[in-house]
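This report refers to the structure that appears directly beneath it.
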Amino acid sequence: MKVILFCQNAYAFGILAPIRDVLQEQGHDFLWYISGKLLDNFPYKNENYTVSTLDLQLYKSDAIFVPGNEVPYYIRGLKVQVFHGLAGEKKGHFRIRHYFDLYLTQGPYFTDKFNELKKRHKNFDVIETGWPKLDVYSTEKNKYDFEKKAILQQFNTDKIVLYAPTFSPSLTSAPYLLKEIRNLAETTGYVILIKFHDLMDQKWIKEYKRMSNEIHNVLFKEDKNIIKSLIQADILVSDTSSVIYEFILLNKPVISYKNIAEKVLWDNSKSYTGLTEKVLDNFHLDPHAAERAYINMQFHPYQDGKSALRMVEAVKEYIEIHGVPVERKLSLARRFKINSMFGKPIKNPFVGKKTNKISAILITYNEDIHINAVLENVKFADEIIVVDSFSTDGTIEKIKEHPEVKLIQRPFVNYTDQKSYALEQATNDWVLFLDADERVPDQLRNEILETVNSSKPTADAYYFYRTFMFKNKVLRFSGWQRDKNYRLFKKSKVHFTQDRIVHETLVVDGQSEVLKNRLVHYSYKNYEDYKGKMIKYGQMKAVEELKKDYDPNFYHFVFRPFYKFFNHYILRFGILDGKKGAIICYLNALGVYSRYKELKRLRNLRS
C-alpha cells in the first residue's frame, strides 16, 4: 500500500507519526506532504517527503491520511479524515466539506454524530478506531517521570500547572490571564508551563516570554511536543482549546475560561478572574472526577495504544472491498477552493525519459528565510549549485543540511561577476538560474521538464514571466504584470555582459522564447527589507553610470523619481493594488533617487 501523510499544520506531525510507525512495521510505502511554511520545522527530513502536489500526483497513492479539513480532490487515493482534535463543540468539527471518502473517528460521541451525517449525505463511510495521537499515552505515560521529579525538586514545589490556550483571536484567554498566571506563580510557587499554539499572536508570545524571564518558576515551552507537557502537568488551564480533551483523557483536572462547549464537564469560568483559587480548589477537592470518567468513555475509550494500527487496518480492508478512488467528485465551487489552496492539477504530468539534464544555480548572501524553500523547490533538477558570498545569518548551515547541493563560497564583487562565475560551474548545458526568493510552481516545473526533454527543436533561452508577491499576497499591477527575465537557457549559447554590475544582462547567441507559466517572486518581505534592497540597487547602478559624463541635477533628483512613481502607479495601474501598490511604487522611485544621490557622491569623490 502506498500512503500519503498529509500535513498542512505542525500539529499534524504528532497525529500522523504513529500511523507512519505502523506503515514502516508492515512494510508499506509512504510519502509525507508538508506545506511550505512547515519546511524549516519538519522533524522527519530523513524520510521521504515533498512540498509539491505534482509529486503527489506522480506518486499515485492508495490512501491519504489527513488530520485537517482539506485535501486535493485530484490526488489518487482513499481520502481519510483522521481529525486534528477532540473538541466536538468547535465550529466546523461536524461540517461535511465533501473532501473525504472515509472518517476514522475517535470514540462513540464522534462516531454517532458522523453516522447521522452519513445518512444525510451518503457519500462517505465512518469507522471508529480511536485517535493515533493518544497512542503515546499507553507507550510514554511514565517516560517523563524522572524529569518531572527533577523539575519539582529544582523549584521546591509539588505541582506543575500547564497553561495551553487556543490561538483563535476571538476565543483565546491569553490577553486576559497574564496577571492571573503571574499571581498564580508568585502565590503558590507551583511550576507554570506556558505552551502556545504555533499560530498564537506574536504579541502574546512576547508578553508571556517576558513574564517567564521575570519569574523563575514560569517556563515558556517552545518544543513541538505538547504531549510531554500534558503528561508532566498536574492540572491544565485553558479556554476553548481542543487540548482540554487530550488532557482530560489522562484523568487530571482542567480549568477553562469562557469555553464555548454546549456541555462543559469541567471547571469553567465566565470571567477572567480567580485563577489561583480555582487551581487550589481543584487540587484539594477535584469536583469533576465523575465527568472526566464520562468523557473518557465517550470521547476516547481506547487505552491500548493501538489506534494507529486500527486505522491502517481499517483502510486496508476498506480498499480491498471498495478499491482505490482516482479522484473525489466535488462541486465547481469546492474544486475552485482546492485549486486556489494547493494549485491546479497538472493535466499531463511529464513522465517521459529525461534526455537532457538540468543544472539549477543560485547565488546567495544571507538568504536564511528562503534557502530551504528554494532548494526544496529545485530538487527536480539533476544538479544544484549554490555560490554564496560568505553568508552570516545561518544560510550556510541550512545549505549543508542538503547533501545533494554543491556549495561554493566566493567573495562578491558584483552581480555580473558572481553570476558569470556560477554559470561556469554548471556541468550540464541546460541551466535553471534562480534567485533565492523565486519559486518554480508545479505547472512551470512540468513545462520546464517537457521543454528540456522535448524531441522537437527548442529555443536556446527562455524568459519567465514573474508573479510578484507582496508578503504572501499577489501584486497584480504596479509595473510587475509584464516583468520577465531569462531563467532557463543553454550554457553553451549565453554569457553575461561585463558592462553592467546590477540587473545583469544575459546575451543569447540563438533563439529566445517565453514559457507560458509564471515564476513566483517573493521579493517583498517587509518595508525595511525592500527599502534597503532598492537603495542598494540604486547605489550599485550609480557605479555603472559613473562612466557617463553627466552631473545629476534637479531633473534627476526630482523628475526621474517622480516619473518612476507616476509610471508604475498610474500608467501601469499600481493604484489598483491599493496600499500595496503605493508602497511598492514609492520604494521603486526611492531607488531611482538613491541612484543619483550616490552618483553625485561618487563624482564629488573623484573630483
The number of residues in the range 22-47 that are open to solvent by less than 20 Å² (accessible area, probe 1.4 Å) and touching a residue at least 60 places away in the same chain (Cβ under 8 Å) is 3
What residue, among those in the range 527-549 that are free of Cβ contacts under 8 Å to residues at least 40 places away in the same chain and open to solvent by 60 Å² or more (accessible area, probe 1.4 Å), is farthest from L602 (Cα to Cα)? E528
Identify, by number, the condition in (1) closer than 18 Å to T240 by Cβ; (2) open to solvent by less than 40 Å² (accessible area, probe 1.4 Å) that Y144 doesn't meet. (1)
Scan (1) part of a loop (DSSP other than H, G, I, E, B); (2) open to solvent by less than 40 Å² (accessible area, probe 1.4 Å); (3) in contact with a Lys or Arg (Cβ under 9 Å, 6 or more places away or on another chain); (4) more than 30 Å from R97 (Cβ to Cβ) for the single condition T157 breaks and write down its number. (3)
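I need the full set of residues from the range 299-320 which are open to solvent by 40 Å² or more (accessible area, probe 1.4 Å) and either polar (S, T, N, Q) or in contact (Cβ under 8 Å) with a residue 40 or more places away in the chain (or both), in order please.
If the condition is that a residue be open to solvent by 40 Å² or more (accessible area, probe 1.4 Å) and either polar (S, T, N, Q) or in contact (Cβ under 8 Å) with a residue 40 or more places away in the chain (or both), then P301, Y302, Q303, D304, K306, L309, R310, K316 are the ones that fit.
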Inside the range 216-234, can you point out the residues that are open to solvent by less than 10 Å² (accessible area, probe 1.4 Å) and within 19 Å of Q153 (Cβ to Cβ)? N217, V218, S229, Q232, A233
Do you know which of the residues in the range 478-493 that are surrounded by 22 or more Cβ atoms within 10 Å (Cβ to Cβ) and in contact with a strand residue (DSSP E or B) (Cβ under 6 Å, 6 or more places away or on another chain) is modelled with the lowest pLDDT? W480
Of those in the range 515-526 that are surrounded by 11 or more Cβ atoms within 10 Å (Cβ to Cβ) and modelled with pLDDT of 75 or more, the residue nearest to the chain's Cα centre (by Cα) is Y522
Quick check, is E598 open to solvent by 80 Å² or more (accessible area, probe 1.4 Å), assigned to a helix (DSSP H, G or I) and of a type in the set (D, E)? no
If you check V514 against the conditions, is it under 18 Å from K473 (Cβ atoms) and touching a Lys or Arg at 6+ places or on another chain (Cβ under 7 Å)? no
Leading residue by the ranking (modelled with the highest pLDDT) among those in the range 60-73 that are surrounded by fewer than 20 Cβ atoms within 10 Å (Cβ to Cβ) and out of contact with any helix residue (DSSP H, G or I) (no Cβ under 7 Å at 6 or more places or on another chain): K60
Counted residues in the range 187-201 being part of a loop (DSSP other than H, G, I, E, B), over 16 Å from D223 (Cα atoms) and open to solvent by 30 Å² or more (accessible area, probe 1.4 Å) come to 1
Which condition number does V324 fail, the rest of (1) in a helix (DSSP H, G or I); (2) under 34 Å from the mean Cα position of the chain (by Cα); (3) modelled with pLDDT of 95 or more being met? (1)
With respect to N123, is the statement that it is open to solvent by 50 Å² or more (accessible area, probe 1.4 Å), among the polar types (S, T, N, Q) and over 30 Å from A381 (Cβ atoms) true? yes
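Quick grid of which residues meet (1) touching a Gly at 6+ places or on another chain (Cβ under 6 Å); (2) over 24 Å from Y144 (Cα atoms):
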| residue | (1), (2) |
| --- | --- |
| E207 | no, yes |
| S212 | no, no |
| L219 | no, no |
| P301 | yes, no |
Residues that are open to solvent by less than 20 Å² (accessible area, probe 1.4 Å): list the helices (runs of 4 or more DSSP H) wholly contained in the range 329-444 that include at least 2 such residues. 371-377, 395-399, 415-424
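The values are calculated or read from the model by the stated rules, or taken from the named source; none is laboratory data. The shown structure was predicted, so the numbers you read here are calculated from the model rather than taken from an experiment. Cβ atoms come from the backbone with ideal geometry, glycine included; neighbour counts cover every protein chain shown. With ligands, DNA and RNA removed, areas are computed over all heavy atoms of the protein, side chains included. Shrake-Rupley method; radii C 1.70, N 1.55, O 1.52, S 1.80 Å.
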